[in-house]
Amino acid sequence: MTTISDSHDRYGFVSRILHWGMAALFAAQFLSAGLHYALPRDHPVRDFFWSYHYTVGATLFLLVLLRGIWGLANMRQRPTHPGLIGRAAVAGHLAMYVLMVVVPSVRLIAAAGSKSGFSYLGIQIFPARDTEVAWMTSLAEWHGEMGWILAFLILGHITMAIGWHHLIKRDGTLERMTGK
């Protein structure tokens, strides 16, 4: 039977949906960023994938906030991570969550200070400015670099889940997140 909330044995339905849904969106996000840098300007494939980068990024930001609230609400009943590897896992997760908040935040602040503004799903969030606010727009310089650091942390997360927990230790960690 699937439970909504997390338990000491496995992650609940909501945590799993948020985790795997965000994983798919992050894959799309990193693909769009990679193609943006790999393909020449005005390339139709580059333009197609880049066209959703801002919308997916804002969606991920909202989902990260929701997932953080959900995780905190379920903190006491979530599966534990004992030992040195467990502490490293907690530190890795914390680093990912910090970047999942900071990376879109710096871009949103830059958009708020820019001449183009920002709209999300047709709703204007930040109107275009007549004059850019330099300190706000300068934050965008860090967005890409921090995004790639996040991508490497996520690759480490995947490597640990599949390589260490599933193939080497066979401790059921991956099954707790897949619902098996």
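Sorted by accessible area (1.4 Å probe), largest first, how do Asp47, Asp6, Asp42 line up?
Sorted descending by solvent-accessible area, the residues read Asp42, Asp47, Asp6.
How big is segment 1-132 along each principal axis, measuring the range of its Cα positions in Å and listing the largest first?
So the extents along the principal axes, rounded to whole Å, are 51, 32, 30.
Taking Cα pairs under 8 Å and at least six residues apart, what relative contact order does the chain come out at, in percent?
Result for the chain is 22 percent.
How large is the helix-only mean residue ellipticity at 222 nm for the chain, computed as the sum of -39500 (n - 2.57) over DSSP H runs with n ≥ 4, divided by its residue count, in deg cm²/dmol to the nearest 500?
-21500 deg cm²/dmol, from helical runs alone.
Where the only charges are on Cβ atoms (+1 Lys, Arg; -1 Asp, Glu), what is the dipole of the chain about its Cα centre, to the nearest 20 debye?
Value, rounded to 20: 560 debye.
Please report, as a whole percent, how much of the solvent-accessible surface of the chain comes from carbon and sulfur atoms (probe radius 1.4 Å).
Taking all protein chains in place, the chain shows 69 percent carbon and sulfur surface.
Using modelled backbone amide H atoms (1.01 Å from N, in-plane), which distant-in-sequence or interchain residues come within less than 5 Å of Ile125's amide H?
So Ile125 has HN proximity to Phe118, Ser119, Tyr120.
Using the Karplus equation 6.51 cos²θ - 1.76 cosθ + 1.60 (θ = phi - 60°), what ³J(HN,Hα) coupling, rounded to whole Hz, does each residue of segment 147-161 give in order, writing x for Gly and Pro?
These are the phi-based 3J(HN,Hα) values: x, 6, 4, 4, 4, 5, 5, 5, 4, x, 4, 5, 4, 5, 5 Hz.
Hey, what D do you get for segment 131-180 in µm²/s if you plug the Kirkwood alpha-carbon radius into Stokes-Einstein at 37 °C and 0.692 mPa s?
In µm²/s, the coefficient is 245.
Just order 167-179, 55-67 by mean Cβ neighbour count inside 10 Å, highest at the front, would you?
Top to bottom by mean Cβ count within 10 Å: 55-67, 167-179.
In square angstrom, what is the accessible area per residue of the chain with a 1.4 angstrom probe?
62
Report the Cα centroid-to-centroid distance between segment 33-102 and segment 116-180 in angstrom, as an integer.
Using only Cα atoms, the two centres lie 3 Å from each other.
The values are calculated or read from the model by the stated rules, or taken from the named source; none is laboratory data. Everything numeric in this text was worked out from a predicted model, so none of it was measured. No Cβ is skipped: glycine too gets one built from the backbone with ideal geometry, and neighbour counts run over all protein chains shown. The accessibility values were calculated without ligands, DNA or RNA, using every heavy atom of the protein model including side chains. Shrake-Rupley method; radii C 1.70, N 1.55, O 1.52, S 1.80 Å.
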